[in-house]
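To start, the structure itself, in structure tokens.
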Ligand code: XMP
């Protein structure tokens, strides 16, 4: 794509121009926007860039390892893997209110990011994967500069607090253009085509209290579900798909024994922008096969339901 080739060259020149020989910090979530931002900056300024990846213990199966091996090992970036699982899960212990959970995660995320960013001596810039729609949204809501963004991975308010200047190389792009730029930069399709994943991660797919046991079961069930979706060639037709583990145990029979395990809900929606959504019309065969696999393969779940709520009135996530 020659337009993206040109955009890439111009963006790299603009970054070098803005940053000079100073250091830049970039928060990396493993999502498309932050990944493309990091790779673009790395190409522009190499080791002047340090990425900070906060692992809050609410990621999916294998996700942290994928991010670490992609950016540290493959791209050879200066990379801080902030493994803060114990901190996050400790503070979340016993909390069941959705907004409280989000607030705890958001606040800790900023604290942890700041702590690690402070350890990078002489940093003057903070890179953010702000897209054009974020720019319009925040301007029209606040009338002010575009620093408060939807996701807590876009660390709103932090640049001022830390005395950092912003670098936002995706500011002029829409999502599909970011994907095209990512392809141009050679990011693997597995990163570029990923479903969106919320900043609070699995916390909002585990309604009620979060326990390590539930998270572990959820990770395994989600991995089986996504594997099914990929095997049936449906991944790219779906905006988002995930499992939620329900805060209820139900009775079942397995072999000649009685079980008393968690129920889960499968969710899959189509959407253009996440603002409205329809449930995905899986075939009954697909649903039956997936339920059987989850119950047979995952210890701790004995009942599978499919969520057929559209948005509105539902939301995509369960919290
Ligand atoms: P809902 O559940 O509100 O989700 O229909 C719409 C889209 O936003 C994502 N989402 C979040 N993303 N922090 C995020 O970064 C959040 O707190 C959050 N809540 C929802 C959700 O995954 C979907 O793509």
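The figures follow:
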read-out	value
Answer residue from region 123-161, given it is at pLDDT 90 or above and in contact with a strand residue (DSSP E or B) (Cβ under 9 Å, 6 or more places away or on another chain) and is farthest from the ligand (Cβ to nearest atom) among those	124
The lone exception for residue 167 - which of (1) in the same structural domain as residue 134 (by TED's automatic domain parsing); (2) under 25 Å from residue 73 (Cβ atoms); (3) within 16 Å of the ligand (Cβ to nearest atom) it fails	(3)
Some residue of region 205-212 being assigned by TED's automatic domain parsing to the domain that holds residue 32, within 16 Å of the ligand (Cβ to nearest atom), crowded, with 16+ Cβ neighbours inside 10 Å and free of Cβ contacts under 8 Å to residues at least 60 places away in the same chain	no
Matching residues in region 40-73 - criterion: being under 20 Å from the mean Cα position of the chain (by Cα) and without any contact (Cβ under 8 Å) to a residue 12 or more places away in the chain	65, 69, 72
Enumeration of residues in region 280-294 that are free of Cβ contacts under 8 Å to residues at least 40 places away in the same chain and in contact with a strand residue (DSSP E or B) (Cβ under 6 Å, 6 or more places away or on another chain)	287, 291
Which numbered condition residue 88 fails, given (1) surrounded by 14 or more Cβ atoms within 10 Å (Cβ to Cβ); (2) more than 20 Å from residue 40 (Cβ to Cβ); (3) more than 19 Å from the chain's Cα centre (by Cα)	(3)
Residue within region 112-130 that is more than 22 Å from residue 185 (Cα to Cα) and within 19 Å of the chain's Cα centre (by Cα) present	yes
Within region 254-309, considering residues that are at pLDDT below 95 and not in a loop (DSSP other than H, G, I, E, B), the one farthest from the ligand (Cβ to nearest atom)	257
The lone exception for residue 199 - which of (1) in contact with a helix residue (DSSP H, G or I) (Cβ under 6 Å, 6 or more places away or on another chain); (2) modelled with pLDDT under 95 it fails	(1)
Sole residue being within 14 Å of the ligand (Cβ to nearest atom) and assigned to a loop (DSSP other than H, G, I, E, B), chosen from 242, 197	197
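The values are calculated or read from the model by the stated rules, or taken from the named source; none is laboratory data. Since we're looking at a predicted model, the values are computed, not measured. Note that we place each Cβ from the backbone using ideal geometry, even for glycine, and neighbour counts take in every protein chain shown.
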